[in-house]
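Working notes, beginning with the structure itself.
The values are calculated or read from the model by the stated rules, or taken from the named source; none is laboratory data. Just so you know, these numbers come straight off a predicted model, no measurement behind them. A quick note on method: Cβ atoms are made from the backbone with ideal geometry, for glycine too, and the neighbour counts reach across all protein chains shown. Ligands, DNA and RNA are stripped out before the accessible areas are found, and what is left, the full protein with its side chains, is counted by its heavy atoms. Shrake-Rupley method; radii C 1.70, N 1.55, O 1.52, S 1.80 Å.
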Amino acid sequence: MAQKPSIPKGTRDFSPVEVARRNYIISRIREQFERFGFQPIETPAMENTDTLMGKYGEEGDRLIFKVLNSGDFLSKADPALLDARDAGGLAPQISEKALRYDLTVPFARYVVMHQNEIEFPFKRYQVQPVWRADRPQRGRFREFYQCDADVVGASGLVQELEFVQLYDQAFHSLGLHGVTIKINHRKILSGIAEVIGAGEKLTEFTVALDKLDKIGREKVEQEMEGRGISRGSIERAAPLFELSGSPAEKLGALRTLLSESQVGLEGVAELEALFEQTHELGLSAAAVALDITLARGLNYYTGAIFEVAAPEGVQMGSIGGGGRYDDLTSIFGLKDMSGVGISFGLDRIYLVLEQLGLFPETLERSLDVFCVNFGDAEARAALRLVMQLRSRGLKADLYPSPAKLQKQFKYADKRGVPFVVSIGEEELKAGQFMVKDMRSGEQHQYALNAWTTFADRLQA
RNA sequence: GUGGUUGUAGCUCAGCUGGUUAGAGCGCUGGAUUGUGGUUCCAGAGGUCGCCGGUUCGAACCCGGUCUUCCACCCCA
C-alpha cells in the first residue's frame, strides 16, 4: 500500500527555480566574503552533544536536535533515570551526537582543534545548514542556512568596521537597499545595568529592554519588575527611554549616564569610533543605527553586537546578526583568542528579495536554446549543433525523442526557453536550421556551418 | 515548550442547521491542428474529504486524539 510521503516539520524541498535563486544569493555573499579575504571551511552536520550543550543558554539547549545513539542505546542508560522518566538526565546517556545549532560554536571548536595549522588572524567563512527544534513560523525553519564570516586572533576595532562594510557590500550586491544595521555594545548594556544597580540582573534587564519597540516602555518596565529588578533601578534607567537623535547624540547622552561605569564608558568610546569611521568610509546600501535595546544572542557576545533589519515595510525578523565574542574558544581550552563575526540568514534574505521582486529574471532561464527532434538523421545534426552551442557556454538541449511538434514546443514554452531550433527534413537537405524566437514568434534561417553567427547573436 | 489556527482533485478554493453518485476555476491528458508553443473550441482522466477513533439510522460537516500549516508568546537567522 502506497504511503503518502511527507517531510519533517519545518523542512522544505527546493525546486529548480528556488535553488537557482538561493545559489544566486550565496554566490553574491560568497563573492564579498572572498573579496574581504575570508577563506571557506566546512564542518560536520553533527557535533558531539557536549560540544554544543550549554553554549546557547537554557533555551538554546532545548532547541538543539539530539541524535539518538545507534544500536541498543537503552542498555547503557542508567536504570534509575529510566524508571524516573528523567528525560533531561537521560538525554546525554542515549545521545552523544547533535545537529549543529549555528556555525559559530563549531567554528570555535575548529579553531581550537586546528590551532597549530592556522595562521592567525584567521578569517573564515562558512555556508552550511543549521538545525533548531523551534516551532516554525514565517521565515523561521527547523533547517535553514547561515552564511557566516568570522575572524579570530585579532582585536581592534578595524574588524567591526570591516564587518559593517561587508554587510553593506553584500546587500548592495544583491540590490537590497534600505536595510538597517543595528549596533549595540555589550559593555554599554553591562554599564547601564551596573549604574542603575541591577548588575546582577543583566540578562533579565536586557531581555526586557529588547522588547521596547514591540510592547512599549510601560510594559517593558512592568516586565523588568516582574523579572526582579527594583523600582528604583527602573527609575534610574529612565534616560534610556528618552534617547534620541543621531548615534553621536545618543552616545553623548549615554556617556553622561555611564560616567560612573568604567566598562560602560569603554563601550561608548568603541561605538563612537565605529560610527565615526563608518561615516567616513560611507555606505552603499545600508544604514547604521545605534539600538540600545538590541540584546539578542547576548550569551556569548562581549563587545559590539550587530543585527540587520529588513527594509521598512517588509515584515521579517532579522536577516543577519553578529558581534564580538572575546572568550569563545576558552571553553574549549584556548585562551585569549578574541573573535568577531557576522551571519547572513539566507532563507530570510530569500523571502525579502522575493517579496521585493529583486531576483534577476535570468535566474529562471534553465535553457537558452532548445532543439526540436524530428527523427534520427535530423536529431544527429541537431545534436552536433547543440554540442557546438554548449562549447560556447550556452545552455542547449535536444528533445530526446521525435515526439509530436506540438508537444515539443509546448515543453519548450513551459521551460521558458527563449529560442527553439528546428532542423527538419527540409533544413537538413538545405544545410540550415530554423530559429524561432519564442517571445516574438519570428523565425530566422541560419546555415548550419555558420552557427557561430547565431551564437554571437545570443551572446551579444 | 505555551495558546490559537489550518487541512476537500496537481494548485487555489466552494460545499447550507449532519441527508443519495463531493463541485468550480486553473493545471493535466487527448482531439480540432501529421512542421510549431503562448489564444480559442471539444472531450477526458484525476478525490481513502490529513490520519486514527468516537457520537449517529446516516459524518467532509459534530466530539476526542494525532500529524501538518500558519499566527502570537518564548526565543531566534
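Per the conditions (1) over 30 Å from residue A:287 (Cα atoms); (2) surrounded by fewer than 17 Cβ atoms within 10 Å (Cβ to Cβ); (3) not aromatic (Phe, Trp, Tyr), the sole criterion not satisfied by residue A:115 is (2). Considering each residue of the stretch A:198-219 in turn, at least one proves to be more than 16 Å from RNA strand B (Cβ to nearest atom) and either assigned to a helix (DSSP H, G or I) or not assigned by TED's automatic domain parsing to the domain that holds residue A:38 (or both). The single condition among (1) open to solvent by 30 Å² or more (accessible area, probe 1.4 Å); (2) within 16 Å of RNA strand B (Cβ to nearest atom); (3) not assigned by TED's automatic domain parsing to the domain that holds residue A:139 that residue A:383 does not satisfy is (2). Within the stretch A:394-442, the residues that satisfy the criterion of being near RNA strand B (Cβ under 6 Å from one of its atoms), of a type outside the set (D, E, K, R) and over 38 Å from the mean Cα position of the chain (by Cα) are A:405, A:406, A:409, A:422, A:424, A:434, A:441. Of all residues in the stretch A:410-460, those being open to solvent by less than 50 Å² (accessible area, probe 1.4 Å) and either among the hydroxyl-bearing types (Ser, Thr, Tyr) or part of a helix (DSSP H, G or I) (or both) number 10. Exactly one residue out of A:229, A:234 is more than 31 Å from the chain's Cα centre (by Cα), in contact (Cβ under 8 Å) with a residue 24 or more places away in the chain, in a loop (DSSP other than H, G, I, E, B) and surrounded by 18 or more Cβ atoms within 10 Å (Cβ to Cβ), and it is A:229. Tell me, yes or no, whether the stretch A:359-372 has at least one residue that is under 41 Å from the mean Cα position of the chain (by Cα), open to solvent by 50 Å² or more (accessible area, probe 1.4 Å) and of a type in the set (Val, Ile, Thr). Yes, because at least one residue in the stretch A:359-372 is under 41 Å from the mean Cα position of the chain (by Cα), open to solvent by 50 Å² or more (accessible area, probe 1.4 Å) and of a type in the set (Val, Ile, Thr).
From the list A:78, A:83, A:61, A:72, which one is out of contact with any His (no Cβ under 7 Å at 6 or more places or on another chain) and in contact (Cβ under 8 Å) with a residue 12 or more places away in the chain?
Numbers: A:83 fails: in contact (Cβ under 8 Å) with a residue 12 or more places away in the chain; A:61 fails: in contact (Cβ under 8 Å) with a residue 12 or more places away in the chain; A:72 fails: in contact (Cβ under 8 Å) with a residue 12 or more places away in the chain.
Answer to the check: A:78.
Only one of these conditions is not met by residue A:256: (1) open to solvent by less than 40 Å² (accessible area, probe 1.4 Å); (2) closer than 24 Å to residue A:196 by Cα. Which number is it? Here residue A:256 clears every test but (1).
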